[in-house]
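Notes follow once the structure below has been shown.
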Amino acid sequence: MDIIPDFGKYSLYIWLSYGVSVAVLLGFTVYTFVQNARRKK
Amino acid sequence: MGMISFLANPLRFKKFARIAAPIFGVLALVLIIAGIWVGLWRSPEDQLQGHSVRIMYVHVPAVWIGMMAYAAMALASLFAYIWRHTLADELARACALPGAAFTALGLLSGALWGKTSWGTFWQWDGRMTSTLILLFLFIGYMAVWAGTTDKRRAARIAGLVAMVGSINLPIIKFSVDWWNTLHQTSSVSMPDAPGLPPSILLPLMLMTFGYSFFFGWLVLSRVLNSISKASDRRQRPAAASTTMETL
């Protein structure tokens, strides 16, 4: 099992799909944590 | 119905949300990490699509959650319309931004998958067009909230947008049966559908449940935060008048 798998000619499309998805989820996570912390203050 | 009326009480809702939100958050984290790991590292490539099938594991759940978010928003708006319950309005409002984000993710990953499978990022076919309309409906809903100063009026108009726009959900679902589209017909929900092999179904379901719990965590947190902000606003004038009296 490769650490970074090679998806051949589809690599760019696959990594872009997962990358953007994870980035959006992380963005929401950080924003929500900040809002939650402000609420609990 | 019993659950809805139980949670309609803001205090009970807060109690429930404070317990459920972190549980949903942890479940989302575990399931999404597992889904990505299986989707990218463990699942085999498809015979026809090759590795590009892996895009499905982020694309399909994102569109499903976008649709579910809209359905929840429309349903909450309906409850708010019938019972004039502000918590239902807050719930509907909390669904909008995450729903729009998941729909946008679905459209973007769909365009990338389309390029690998069909050779094009976009076609004005029934499913893609109706999903794009779903994104515009979310944006329209949020624009109403942002552009109307009177909160009650904003809730009424935005609620109407949510309810009327829900007609788009069956159009998205059945667009592949009604029109000739590039999309295939349903492979998961139809009882007589050919079905998907477990190696594809597993990452798809892990990501779907992961996204669902993530959406649940986001919505519960957003409602809790908006309740807290609203109570701060109510307390502030009272505190100010107390200060004035002591002066």
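Cα convex hull of the protein assembly as shown: mean projected area in nm², to one decimal? Intermediate results must be reported in sequence, preceding the final value.
Numbers: hull surface 73.1 nm².
Result: 18.3 nm².
Kirkwood hydrodynamic radius (Cα pairs, Å) of the stretch B:89-185? Working shown, then result.
Details: mean 1/r = 0.0691 Å⁻¹.
Value: 14.5 Å, from the Cα pair sum.
Angle between the Cα long axis of helix B:56-83 and the longest principal axis of chain B, 0 to 90 degrees, nearest 10?
Tilt relative to chain B: about 30 degrees.
Counting only C-alpha contacts under 8 Å and six or more residues apart, can you give the relative contact order of chain B as a whole percent?
Working: 285 pairs, mean separation 75.7, N = 247.
Over chain B, the number comes to 31 percent.
Report, in deg cm²/dmol and to the nearest 500, the calculated mean residue ellipticity at 222 nm for chain B, where each DSSP H run with n ≥ 4 adds -39500 (n - 2.57) and the sum is divided by the residue count.
On the way: 8 runs with 191 residues, N = 247.
Value at 222 nm, helices only: -27500 deg cm²/dmol.
Can you work out the FRET efficiency for the pair B:L132 and B:L196, with r the C-beta to C-beta distance and R0 = 25 Å, to the nearest 0.05?
Numbers: r = 26 Å, r/R0 = 1.03.
With R0 = 25 Å, the Cβ-Cβ based efficiency is 0.45.
For A:26-39, what's the mean count of beta carbons from other chains sitting within 10 Å of each residue's beta carbon? Provide the component values of the computation, followed by the final result.
On the way: counts 0, 1, 10, 6, 0, 4, 10, 2, 0, 7, 8, 0, 3, 8.
Counting other chains' Cβ atoms within 10 Å and averaging over A:26-39 gives 4.
For B:I23 and B:K173 in the same chain, what is the full-extension length gain: residue separation times 0.36 nm, less their Cα-Cα distance, in nm? Could the numbers behind the result be given before it?
Working: separation 150, 0.36 × 150 = 54.00 nm, distance 3.05 nm.
So the chain would gain 50.9 nm between B:I23 and B:K173.
Please work out how many pairs of lysine residues in the protein assembly as shown are eight or more positions apart (or on different chains) and have Cα atoms closer than 18 angstrom.
10
Out of B:W83, B:W217, B:W64, any idea which swings most in a Gaussian network model of chain B, alpha carbons joined below 10 Å?
Evaluated over chain B, the most mobile residue of the options is B:W83.
With a 1.4 Å probe and all protein chains in place, put B:E90, B:E45 in order of accessible area, largest first. Intermediate values should be presented prior to the final figure.
Working: B:E90 30, B:E45 105 Å².
Order by accessible area, largest first: B:E45, B:E90.
What whole-number volume per residue, in cubic angstrom, does the convex hull of the C-alpha atoms of chain B give? Write down the numbers at each step before the final one.
Details: hull volume 39.3 nm³, N = 247.
It is 159 Å³ per residue.
Multiply the residue separation of B:L48 and B:R234 by 0.36 nm, subtract the distance between their alpha-carbon atoms, and state the gained length in nm to one decimal. Walk me through the numbers on the way to the answer.
Details: separation 186, 0.36 × 186 = 66.96 nm, distance 6.01 nm.
This chain segment gains 61.0 nm when fully extended.
Could you work out the mean count of beta carbons from other protein chains within 10 Å of each residue's beta carbon in A:2-14?
On the way: counts 1, 1, 2, 4, 1, 8, 4, 4, 13, 1, 3, 12, 13.
Averaged over the peptide's residues, the number is 5.
Can you sort B:L11, B:L196, B:L40 by solvent-accessible area, 1.4 Å probe, largest first? Walk me through the intermediate numbers first.
Numbers: B:L11 130, B:L196 50, B:L40 5 Å².
Putting B:L11, B:L196, B:L40 in descending order of accessible area: B:L11, B:L196, B:L40.
Would you mind checking the tilt of helix B:168-178 against the longest principal axis of the Cα atoms of chain B, expressed as 0 to 90 degrees and rounded to 10?
Value to nearest ten degrees: 10.
Any chance you could give the angle, 0 to 90 degrees and rounded to 10, that helix B:198-246 forms with the longest Cα principal axis of chain B?
10 degrees
Give the peptides B:96-106, B:202-212 in descending order of average Cβ contacts within 10 Å, highest first.
On the way: B:96-106: 24.0, B:202-212: 21.8.
Result, highest mean first: B:96-106, B:202-212.
Obtain the nm distance between the two label points defined at A:D2 and A:L16 by a simple spin-label model: each point lies 7 Å from its Cα along the Cα-to-C-beta direction.
1.9 nm
In angstroms, what radius of gyration and Dmax does the stretch B:17-74 have, counting Cα atoms only?
Over the stretch B:17-74's Cα set, Rg and Dmax evaluate to 14.7, 46 Å.
The values are calculated or read from the model by the stated rules, or taken from the named source; none is laboratory data. Since the structure is predicted, the reported quantities are computational estimates derived from the model, not experimental observations. Glycine gets a Cβ as well: all are built from the backbone with ideal geometry, and neighbour counts include every protein chain shown. Keep in mind that these areas ignore ligands, DNA and RNA; they rest on the heavy atoms of the full protein, side chains included. Shrake-Rupley method; radii C 1.70, N 1.55, O 1.52, S 1.80 Å.
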